[in-house]
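Peer 1: Structure provided below as C-alpha cells; questions to follow.
The values are calculated or read from the model by the stated rules, or taken from the named source; none is laboratory data. Being a predicted model, the structure only gives us computed values, none of them experimental. Glycine gets a Cβ as well: all are built from the backbone with ideal geometry, and neighbour counts include every protein chain shown. Areas reflect the complete protein model, heavy atoms only, side chains present, ligands, DNA and RNA absent. Shrake-Rupley method; radii C 1.70, N 1.55, O 1.52, S 1.80 Å.
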Amino acid sequence: MSSITHPQHQTEVDIAICGAGPVGLSLAALLVKRGVAAARIALIDAKTVELARQDPRSLALSYGSRQILQEIGAWPIAATAIHQIHVSRRAHFGRTLIQREEFQLPALGYVTRYGNLITALAALPALAGIHLLRPLQVSASTEQDDHVALQLSDGSSLRSKLLVQAEGGVFGAQDDKSLQRDYQQIGIVAHVQGSAPIPHRAFERFTDQGPLALLPQDDEHGNNYALVWCVRPDTASQLLALDDGAFLAALTQAFGGRLGRFLKTSKRNSFPLGLNARPAATLRTVAIGNAAQTLHPVAGQGLNLGLRDATVLARLLAGDITPDTLQRFAAARQADRSLTIHLTDVMARIFASAPDGAVSQTLLGLSLGLVDIVKPARRLLARQMMFGRR
C-alpha cells in the first residue's frame, strides 16, 4: 500500500474510505477483488497499523463473517471457535441452546482479538497499490456536484467521486433523523477464568440489569472467557470499585454455577451503551459499519453487520461508481439493518427500562423456552445472527 503524506499534495481517486478498521480494510479488499483498480482507492485512518494491532479488545465473528474474510484471504486467524450458544434468563424458566450440528457447520462463530484481525487484513495482497493515508485525519470535507473534496491534517488534499465513512461509531446525537437510544447501561469488559470451563460454549445470560455474555477465549494468563457484563451505571461503579476477589464473587452470583467459580480476572474496562443508527447517505457520501449504526452488544452483531455492509457496497460499486449506487445500497441494506437493529434494541430496552423482575423480563424468559421448543424459530434466529442478509 502506498502512503501519501506530502503537504499540499492533491490526489484524485474514485473511492475514499475514511477508517481503516476491520470494516474499512475489508471494503477496500473486496473492491479490489471485484475489479476496482487499487490505485483508484484511498484509505484514511488516524492510527498507524502498529498502534491498531495493539488493541486488546475481543471481537465476536459470526460464521457468515468468516466466509467474507475467507473470500478476501484474511482467514484463518487466531480465534476460538464457538460450537454452542447457551441463552438463559437468570433465576427464571426458559433457555435455548443453539448448536453447530443443527446447521452442519464447523462453528457458529469465532472469538478473536481486534489486533489479530487487523494484522490479517493489513497484510492482504489485494491492498497493495491503494493510497494509504495514515496516520492522518480528515480536517474538512466539502461535497460538490461531481466529487467530495477532503482536506487532511498534514495539509494535503484528496478529491474523490464517493466517500465511505467507516470509522468507529461514537454514541451520541448526530442529527434529528438518527435513531438514538441511551440505555442507561454500562458495559464492563474483562477476561476471566472459570474453574469448570466448557470448551467452545458461549453464554448469553439475561440478568435483571442487562445481558451478561461469556465468550470462550483463552489468553496467556490462563483466562478462558471474554466477559461483557451490562449493568446500570450505579452498579457499574460499585463493580469497578471492588477488588478482584469481590468482583469475581459478584460475577459468580450473577452468572450462576455453570462454569464453577470464577477464579481470575484481567483488568476491567467499561464503556457506555447506546444505539445510534444514522440515516442512509447524502448524494456522494455513505456510512457503513459503526459509522452507520452503533449497537448494544447484546447479540454481538455490530462488526458482523458492518462486514455485511462492506460486502454489499463492494458488489454494487464494482459495477457503477456513481451516486445512484449509494441509493441502491441503502435500499439493499434496509431489511438486514432494520431487523438486526430492532432485535438488539428490543432485547436491550427490556432490561434497561424495566424494573427488576418486571413482567416484560419474565416474558422474555418464557420466550427463550419457546424458541428452544419451536425448532423453526430457533433456526430462524440463529441464521439471522450467523448470516444476516447480504
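Peer 1: Being of a type in the set (V, I, T) and either assigned to a loop (DSSP other than H, G, I, E, B) or crowded, with 19+ Cβ neighbours inside 10 Å (or both) is the filter here; which residues of region 105-134 pass it? It would help to see each step written out before you state the result.
Peer 2: Here is the first cut: in region 105-134, the ones of a type in the set (V, I, T) are 111-112, 118-119, 130.
Within region 105-134, V111, T112, I118, I130 qualify.
Peer 1: Looking only at region 246-257, decide whether some residue is open to solvent by 50 Å² or more (accessible area, probe 1.4 Å) and part of a helix (DSSP H, G or I).
Peer 2: At the first step, the residues of region 246-257 found to be open to solvent by 50 Å² or more (accessible area, probe 1.4 Å) are 249, 253, 257.
With the extra rule that they be part of a helix (DSSP H, G or I), the set shrinks to 249, 253.
The answer is yes; a qualifying residue exists.
Residue-by-condition table, conditions (1) of a type outside the set (A, V, I, L, M); (2) without any contact (Cβ under 8 Å) to a residue 40 or more places away in the chain; (3) within 30 Å of I198 (Cβ to Cβ):
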{"position": "L259", "(1), (2), (3)": "no, no, yes"}
{"position": "P297", "(1), (2), (3)": "yes, no, yes"}
{"position": "A310", "(1), (2), (3)": "no, no, no"}
{"position": "P323", "(1), (2), (3)": "yes, no, no"}
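Peer 1: Report yes if some residue within region 324-334 is open to solvent by less than 10 Å² (accessible area, probe 1.4 Å) and under 23 Å from L61 (Cβ atoms); otherwise report no.
Peer 2: Yes, because at least one residue in region 324-334 is open to solvent by less than 10 Å² (accessible area, probe 1.4 Å) and under 23 Å from L61 (Cβ atoms).
Peer 1: Among the residues of region 25-42, how many are over 14 Å from I118 (Cα atoms) and of a type outside the set (D, E, K, R)? Quick ask: steps written out before the conclusion?
Peer 2: Going through region 25-42, the residues over 14 Å from I118 (Cα atoms) turn out to be 30-42.
Narrowing further to those that are of a type outside the set (D, E, K, R): 30-32, 35-39, 41-42.
Total satisfying the criteria: 10.
Peer 1: Find all pairs meeting these conditions: Cβ atoms under 8 angstrom apart; at least six residues apart or on different chains; first residue within region 98-119 and within 18 Å of L59 (Cβ to Cβ); second residue in a loop (DSSP other than H, G, I, E, B) and small (G, A, S).
Peer 2: From region 98-119, the pairs are G109/G300; T112/A78; R113/A78; N116/A78; L117/A74; I118/G21.
Peer 1: Exactly one condition in (1) open to solvent by 10 Å² or more (accessible area, probe 1.4 Å); (2) under 28 Å from T207 (Cβ atoms); (3) at pLDDT 80 or above is not met by L316; state its number.
Peer 2: (2)
Peer 1: On to the next question. When you go through (1) in contact with a Leu (Cβ under 9 Å, 6 or more places away or on another chain); (2) under 30 Å from A20 (Cα atoms); (3) loosely packed, with under 14 Cβ neighbours inside 10 Å one by one for W229, which number turns out not to apply?
Peer 2: It is condition (3) that W229 fails.
Peer 1: Kindly check whether there is at least one residue in region 95-104 that is open to solvent by less than 40 Å² (accessible area, probe 1.4 Å) and of a type in the set (F, W, Y).
Peer 2: yes
Peer 1: Name the one entry in R278, R308 that is surrounded by fewer than 20 Cβ atoms within 10 Å (Cβ to Cβ) and either among the basic types (K, R) or in contact with a Pro (Cβ under 9 Å, 6 or more places away or on another chain) (or both).
Peer 2: Numbers: R308 fails: surrounded by fewer than 20 Cβ atoms within 10 Å (Cβ to Cβ).
Of R278, R308, the one residue that is surrounded by fewer than 20 Cβ atoms within 10 Å (Cβ to Cβ) and either among the basic types (K, R) or in contact with a Pro (Cβ under 9 Å, 6 or more places away or on another chain) (or both) is R278.
Peer 1: Same structure, new question: Considering only residues that are over 21 Å from R113 (Cβ atoms), among the hydrophobic types (A, V, I, L, M, F, W, C) and not in a loop (DSSP other than H, G, I, E, B), which ones fall in region 194-211? Explain how you work it out, then say what you get.
Peer 2: Start the filter on region 194-211 by keeping residues that are over 21 Å from R113 (Cβ atoms), which leaves 195-196, 198, 205-211.
Narrowing further to those that are among the hydrophobic types (A, V, I, L, M, F, W, C): 196, 198, 206.
Matches in region 194-211: F206 only.
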